[in-house]
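Below is one structure, written out as structure tokens; comments come after it.
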Amino acid sequence: MRNSLFILPSYLLLGYLVLMSLIGFALMGIDKQKARNKAWRIPERTLLLIAFLGGGIGSLFGMYTFRHKTKHTKFRILVPIAALFVLVAAYQLIRLV
């Protein structure tokens, strides 16, 4: 059996990654809607920061679901890298549980 000291923190970190992915997905949809309405936009820096703070998977799905930022080279390169980091982190956490 795995060390029970790691189980709760691992679940909390996995929960954090899920939450950040949901936020990344939502922000892509919100920013796309704002772009259509010519309203104040979410800065690109913020979108990328959320992706690298654990929301890479959600941000990636959001990009292609909402067809948002898919023509920007910076996003086409950096968001998949962030998603890969999240996948590796999640895999490592799951191995601990």
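In the frame of its principal axes, the chain has Cα extents of 54, 21, 20 Å, reported largest first.
Residues Met28, Met63, Met20 in ascending order of nearby Cβ atoms (within 10 Å, fewest first): Met20, Met63, Met28.
In plain terms, the residue of Ser10, Ser59 with the fewest other Cβ atoms within 10 Å comes first and the most crowded comes last, giving Ser10, Ser59. Each label was represented as a point 7 Å from its Cα along the Cα-to-Cβ direction; for Phe85 and Leu49 these points are 1.4 nm apart.
Would you mind ranking Lys74, Lys34 by Cβ crowding within 10 Å, fewest neighbours first? Walk me through the numbers on the way to the answer.
Working: Lys74 10, Lys34 13.
Listed from fewest to most nearby Cβ atoms, that is Lys74, Lys34.
Of the complete DSSP H runs in the chain, those spanning 20 angstrom or more by Cα along the long axis with a mean Kyte-Doolittle score not below 0.0 are 4-36, 73-96.
Each reported figure results from applying straightforward, stated rules to the coordinates on display, with no laboratory input. What you see is a predicted model, and the numbers here were worked out from it, not measured in a lab. Glycine gets a Cβ as well: all are built from the backbone with ideal geometry, and neighbour counts include every protein chain shown.
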